[in-house]
1. Taking the Cβ of Ser64 as the center, what net charge do the other residues with Cβ under 15 Å away carry, scoring Lys and Arg +1 and Asp and Glu -1?
2. Taking 7 Å along the Cα-to-C-beta vector as the label spot, tell me the Phe14-Leu145 distance in nanometres, rounded to one decimal.
Amino acid sequence: MLDIKKIFYGIFFFSIVSIFFAFYLQYILGHAPCKLCIYQRVPYYLIIAIGVINLLFNKYLKFSLILISVLLLSELFISGYHTLSTFGIIEYTGCESATLPTDINKLKEALLNDSLVVTCSNANLKFFGIPLSLYNTLFSAFFLLIIIVNAYKKKK
């Protein structure tokens, strides 16, 4: 059985690394995220906020872990949906295909303003042949499983 603080801070640290990695891909490497990629970041932002609050006020660790469990569950659904849309199993209509302007000046303006829309299927980068959204799904499920198993063993 793992210590509840180790679980909490492991999830907190992973959330920080995930957000920095997403920013690195977006702002340093220039890979524009689709809408579902952006939605996947929201639970991580909230987990980081809860982690910072918990660093300041260490009283509410169990309650914070319950909130994080709910956020991980929502992350699991969002990233799972994103993964299914990436593989073409379901269709997400919220991401529209980018249409390239025919005029070179309009294309330049669109690129500078970052106004071209990226589709969910082509925005998902692959690492070792696996889409990043699937990694997100697996990590969310893994952390949720750790929390559930730890809570179950603690009750015995």
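1. +3
2. 1.1
We did not get these values from a lab; they are worked out from the coordinates using the rules stated. From a predicted model like this one, the values you see are computed outputs, not experimental measurements. Cβ: placed from backbone, ideal geometry, glycine included. Neighbour counts: every protein chain shown.
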